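Here's the structure, in structure tokens; my notes come after.
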DNA sequence: TCCTATGTTGTATG
DNA sequence: ACATACAACATAGG
């Protein structure tokens, strides 16, 4: 389920492990989530290292640990894919089928689980921040994300449906299927409208709703995994016979940009 | 049995 | 080179 705010929530679930030493590391090295990653190096560097801090950017998480010796840091990147999650278990817990990474500490175990294994573990041992972390696009709530930046991107992806464009992580880090639908519903833009055909007013509305949904999702979901209220599209979107909370009209569904998309035809007209 | 799933990526095509 | 579309990945649940 993880998009921007869910990723932030799962990141904080490992907070009890910060400032503590990792006694042992257990992995399923063959698991798909380690594709392209130096799994053995990861185990070597993290064993005995002290977990220092963590951070979330878009759909990615970073955990930084200080190995027992040397100046380098161990950089552990985690992407939750479609079904990944992080949790804490008691000392001595036995990993389940899809628990692919376990960091054992004195009192607790930090666990990464991912049933479908669309997620990914990244790792680096270096004094510098690895490029796979520093190259993530600017946060949508930062000053670097402006209406002009948004407008330029829409012009470059002019023929693609706006729904598909919002899912592009190179510009909209953290936006996933439900956030994109929520944003378009609030901005009253049809998900099939070509990105390059948005006028100035639509672009401004889109910008405003991107920021609003990011901020509110982080506030409601990021801290406690709370449920967005009934005034959002979110709780109605998958309900059979779901109705638009603003117009009362029946919601529509179709595959757009390769993903199941929900919109309110009464609010979102194709232009 | 068949369909769905809050994500990315490799490949084909324009 | 860039933009676009879509199958493929792997598993569980309705």
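The values are calculated or read from the model by the stated rules, or taken from the named source; none is laboratory data. The model shown is predicted, which means the values in this text are computed figures rather than measured ones. Don't worry about glycine lacking a Cβ; one is built from the backbone with ideal geometry, like all the others, and counts go over all protein chains shown.
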* Asked: Can you tell me which residues in region A:169-206 are part of a loop (DSSP other than H, G, I, E, B), surrounded by fewer than 18 Cβ atoms within 10 Å (Cβ to Cβ) and within 15 Å of DNA strand B (Cβ to nearest atom)?
  -> A:169, A:170
* Flag if residue A:41 is surrounded by 14 or more Cβ atoms within 10 Å (Cβ to Cβ) and either in contact with a helix residue (DSSP H, G or I) (Cβ under 9 Å, 6 or more places away or on another chain) or part of a helix (DSSP H, G or I) (or both) -> no
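Being touching a residue at least 60 places away in the same chain (Cβ under 8 Å) and either assigned to a loop (DSSP other than H, G, I, E, B) or loosely packed, with under 13 Cβ neighbours inside 10 Å (or both) is the filter here, so list the residues in region A:215-230 that pass it. Let's see the steps before the verdict.
Of the residues in region A:215-230, the ones touching a residue at least 60 places away in the same chain (Cβ under 8 Å) are A:215, A:217-218, A:220-225.
Answer for region A:215-230, where residues must be touching a residue at least 60 places away in the same chain (Cβ under 8 Å) and either assigned to a loop (DSSP other than H, G, I, E, B) or loosely packed, with under 13 Cβ neighbours inside 10 Å (or both): A:223, A:224, A:225.
Could you tell me whether residue A:119 is at pLDDT 95 or above, buried (at least 19 other Cβ atoms within 10 Å of the Cβ), assigned by TED's automatic domain parsing to the domain that holds residue A:73 and within 13 Å of DNA strand B (Cβ to nearest atom)? Before you say what the answer is, go through the steps one by one.
Details: at pLDDT 95 or above: yes; buried (at least 19 other Cβ atoms within 10 Å of the Cβ): yes; assigned by TED's automatic domain parsing to the domain that holds residue A:73: yes; within 13 Å of DNA strand B (Cβ to nearest atom): yes.
So residue A:119 fits the description; yes.
Suppose we filter A:113, A:50 for residues that are modelled with pLDDT of 95 or more, more than 16 Å from DNA strand B (Cβ to nearest atom) and either over 27 Å from residue A:138 (Cα atoms) or over 21 Å from the mean Cα position of the chain (by Cα) (or both); which single one remains?
Values: A:113 fails: more than 16 Å from DNA strand B (Cβ to nearest atom).
The unique qualifying residue is A:50.
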* Structure fact -> The one condition residue A:183 fails out of (1) modelled with pLDDT of 95 or more; (2) in contact with a strand residue (DSSP E or B) (Cβ under 7 Å, 6 or more places away or on another chain) is (2)
* To do: Answer with yes or no whether residue A:210 is under 18 Å from the mean Cα position of the chain (by Cα), farther than 30 Å from residue A:66 by Cα and in contact (Cβ under 8 Å) with a residue 24 or more places away in the chain.
  => yes
* To do: Kindly indicate the residue of region A:75-98 that is more than 16 Å from DNA strand C (Cβ to nearest atom) and free of Cβ contacts under 8 Å to residues at least 40 places away in the same chain and also surrounded by the most Cβ atoms within 10 Å (Cβ to Cβ) among those meeting that condition.
  => A:89
* Asked: Do you know which residues across region A:72-95 are over 24 Å from the mean Cα position of the chain (by Cα) and outside any strand (DSSP E or B)?
  -> A:72, A:91, A:92, A:93, A:94, A:95
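Do we have any residue at all in region A:99-119 that's under 20 Å from residue A:215 (Cβ atoms) and within 16 Å of DNA strand C (Cβ to nearest atom)? Don't jump to the end; show me each part of the working.
Taking region A:99-119 first, the residues under 20 Å from residue A:215 (Cβ atoms) are none.
No, every residue in region A:99-119 fails to be under 20 Å from residue A:215 (Cβ atoms) and within 16 Å of DNA strand C (Cβ to nearest atom).
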* Might you let me know whether region A:17-28 holds any residue that is away from DNA strand B (no atom under 16 Å from the Cβ), out of contact with any helix residue (DSSP H, G or I) (no Cβ under 9 Å at 6 or more places or on another chain), touching a residue at least 24 places away in the same chain (Cβ under 8 Å) and closer than 27 Å to residue A:140 by Cα? => yes
